[in-house]
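The values are calculated or read from the model by the stated rules, or taken from the named source; none is laboratory data. All of these numbers come straight from a predicted model, not from anything done at the bench. Reconstructed Cβ throughout: ideal geometry from the backbone, glycine too, with neighbour counts over all protein chains shown.
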Amino acid sequence: MTRWSISYVIYYTSQKIKEYKGVLLQFFIELDVSVFLGVKSVLKMEVTEQIKRFHQFFEDVYQGVLLENVRTGAKSIVIDFTELLKFDPELGDILLEQPEEVIKAAELSIEQFDLPAEVKDFKLRLENLPPSQKIMIRNIRSEHIGKLVVVEGIVRQKSDVRPQVTAAKFECPSCGNIISVLQLDSQFKEPSRCGCGRKGKFKLINKELIDAQGIVLEESPENIEGGEQPKRMNIFLKGDLVSPLSERKSSPGSKINIVGIIKEVPIILKSGGKSTRFDLLIEANSLTAMEETFYEIDISEKEEKQIKDIAKDKNVYKRIINSIAPSIYGYEKIKEALILQLMGGVPKVRSDGAISRGDMHVLLVGDPGAGKSQLLKRVGVIAPKGRYVTGRGVSGAGLTASVVKDEFLKGWSLEAGALVLASNGICAIDEMDKMSPEDRSAMHEALEQQTVSISKANIQATLLARTTVLAAANPKFGRFDPYGVIGEQIDLPPTLINRFDLIFPIKDLPDKEKDTMMASHILSLHQEPDKIVPEIPTKLLKKYIAYAKQRFKPKLTTAAMEEIREYYLRMRASGSTEGSVKTIPISPRQLEALVRLAEASAKVRLSNRVTKRDAVRGIEQLEYCLMQVGFDKETGKIDIDRITTGITASQRNVIIIIKDIINDLEKTIGKTIPIEDVVKEAKEQKIEEDKVEEVIERLRRSGDVFEPRRGFISRL
């Protein structure tokens, strides 16, 4: 061997020996320097054989993919582990046991291809590993260190992308020698000495950097048993795994699958030394998103044909309604509303920057055992990106966003809540009436503006929350009073109720015929759990909704616009006058809801035109809800204020009359007015005593009047 080739081997080895560990040592054995490196010849065959076999594998199976990746500028190639096992089972087994060395061998084999000069450090990514490699975070032990594993979970926290040094070159000021040092540890290393005898104070010439990022992965709630705390693991991403495209997959709240190698991390003590106890992290090899929005679902040509065939059916609405929750008896109107909610309207951004939301929010208020929670759970299954939260188990911060200490950057970071995590999906909120008023008030902005603004610690941010909300609650006293006014029995603030497009009261009243049908339905399901099958399979129904949302943005036709306008004007004109106050049957919010319902109806038919028939369907849905919760028996008219403000027009008229009486009495009697005198004056205007007392109590609570002493009131 020539003097030059040996010096080149020594120089190259000093650069790469640690990075490639045993791989390059064996590679240099083949160059007849085995005596120099002192390595057994048995291993020579193993590693060189690995490189040879990988080269053959890429040539036979993945050459087309490799060349396409190089052409498109990709920095890695993803291989299916099952394909490797088919090609060479022995190589697959070694890869699972010694992943780091074998992956380096595979990457060396790629370098042997005639690739362009600018393509270097091409990485190997693995997917579809055997089930034996899948492990829960809680079960990771020291025996797994250095092994290739598959873990899945939800991203809870993510650090910023920062550069990391992989190698650095230093110049010796004495002799001008260039020394390369690989940076494998977390601490930056400088050369200890030069060949000329110099120690320390070397000049840094350049350094190689790669992008690096840390995420915290938490176990999925569905994979753990009740009462257990979900465990967390730090995941280290680098290279093309932190590209902008991969970045979207690993945003907080995303459910991901990680293939990686478990490594130990030394814990540094306060004294500066290393602890005997080590921490664990997973160095990711590949990252796959397990959860996607309607807009990201892939639909094959075969599925597209099936979807179009369903849309051509005249009974398409009936078929989809029967598939939404076949195990729950009845509730056709509610099921139809849920389908329209899943489809959604078309969001619009105007030239002045104002945004009209396309998502529809639905509220179910019903008696216990009416199947509300089952409907919520079922919708969560159909929607690809769904979150389910319930009553006392959720806080305002958990719904919107919270500020937490960042473990990576040692500062403050933002942790998204359920409404933000379910953006472009559905958030089901059960037992909404059990939430505290402060927590409920946090939802107002997210429901209407579809954003979450937060200003805490040193963080001022506005997060997007394009989330559809399906909520369920019980009436004020646990069960509906069949003789009372439904609007008054909904135990939620009017400001929150006002943001729901559709409100469905579900009453559980004895009815012999209906009860017989329901009992037969429920009992037959217990006898044969698989008896009822959805007309459209759940997987296909999900794809159907995704296809409609991806491809269709219906526009109002003139006929549909006229139908909605006529209904709106007719309803506005139908309001009766109560004294000096006119009832408001419908408000502009309901007009926007009508447009969203009509657009969703067109999407069900896979149409880009909102026809008159779609407008009528939306009107029927809205009118059904208004008659249920907005009908004022006193006036015989629909009064939207019954829901939106909690005060009907007839009540507001009584309040105005009582206020006038108090003003008149103040002028004649003075500041302190006996309540008896107010009741007496009100009786002359045919207002009953209990109504007067109710209005005085309301005025007292609002701060318009106060009680200086028992039986007397004064204006503030």
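Taking the numbered list (1) in contact with a strand residue (DSSP E or B) (Cβ under 8 Å, 6 or more places away or on another chain); (2) surrounded by fewer than 18 Cβ atoms within 10 Å (Cβ to Cβ) in turn, Glu111 passes all entries but (1). Just to check your reading of the model, which residue among Ala212, Ala167 is assigned to a strand (DSSP E or B), touching a residue at least 60 places away in the same chain (Cβ under 8 Å), not aromatic (Phe, Trp, Tyr) and not assigned by TED's automatic domain parsing to the domain that holds Leu96? Just one listed residue meets the conditions, Ala167. In the stretch 76-108, how many are loosely packed, with under 13 Cβ neighbours inside 10 Å and either touching a residue at least 24 places away in the same chain (Cβ under 8 Å) or part of a loop (DSSP other than H, G, I, E, B) (or both)? Within the stretch 76-108, residues that are loosely packed, with under 13 Cβ neighbours inside 10 Å and either touching a residue at least 24 places away in the same chain (Cβ under 8 Å) or part of a loop (DSSP other than H, G, I, E, B) (or both) number 1. Residues that are assigned to a helix (DSSP H, G or I) and either under 16 Å from Leu716 (Cα atoms) or at pLDDT below 80 (or both) within the stretch 662-683 comprise Ile662, Asn663, Asp664, Leu665, Glu666, Lys667, Ile675, listed in sequence order.
Scan the stretch 362-380 and give yes if some residue there is of a type in the set (Gly, Ala, Ser), within 28 Å of Ile154 (Cβ to Cβ) and part of a loop (DSSP other than H, G, I, E, B), otherwise no. Within the stretch 362-380, not a single residue is of a type in the set (Gly, Ala, Ser), within 28 Å of Ile154 (Cβ to Cβ) and part of a loop (DSSP other than H, G, I, E, B).
Scanning the stretch 348-380 for residues that are at pLDDT 85 or above and either among the charged types (D, E, K, R) or outside the structural domain of Asn474 (by TED's automatic domain parsing) (or both) gives a single hit, Asp359. Given the criteria under 28 Å from Phe57 (Cα atoms), modelled with pLDDT of 90 or more and touching a strand residue (DSSP E or B) at 6+ places or on another chain (Cβ under 8 Å), does Leu124 qualify? Criteria not met by Leu124.
Among the residues of the stretch 193-207, the one identified as closer than 30 Å to Asn234 by Cβ and surrounded by 15 or more Cβ atoms within 10 Å (Cβ to Cβ) is Lys207. Being in a loop (DSSP other than H, G, I, E, B) and among the aliphatic types (A, V, I, L, M), is that true of even one residue in the stretch 395-408? Scanning the stretch 395-408 turns up no residue that is in a loop (DSSP other than H, G, I, E, B) and among the aliphatic types (A, V, I, L, M). Quick check: is even one residue across the stretch 381-392 surrounded by fewer than 16 Cβ atoms within 10 Å (Cβ to Cβ), assigned by TED's automatic domain parsing to the domain that holds Met518 and not in a strand (DSSP E or B)? Scanning the stretch 381-392 turns up at least one residue that is surrounded by fewer than 16 Cβ atoms within 10 Å (Cβ to Cβ), assigned by TED's automatic domain parsing to the domain that holds Met518 and not in a strand (DSSP E or B). Restricting attention to the stretch 42-64, the residues that are aliphatic (A, V, I, L, M) and within 17 Å of Asp121 (Cα to Cα) add up to 1.
Residues of the stretch 452-468 that are part of a strand (DSSP E or B) and surrounded by 17 or more Cβ atoms within 10 Å (Cβ to Cβ): Val452, Ile454, Leu463, Thr468. Residues of the stretch 156-183 that are under 36 Å from the mean Cα position of the chain (by Cα) and not charged (D, E, K, R): Gln157, Ser159, Val161, Pro163, Gln164, Val165, Thr166.
Take the conditions surrounded by 14 or more Cβ atoms within 10 Å (Cβ to Cβ), assigned by TED's automatic domain parsing to the domain that holds Phe113 and not hydroxyl-bearing (Ser, Thr, Tyr) and apply them to Glu59. Does it pass? So Glu59 fails the test.
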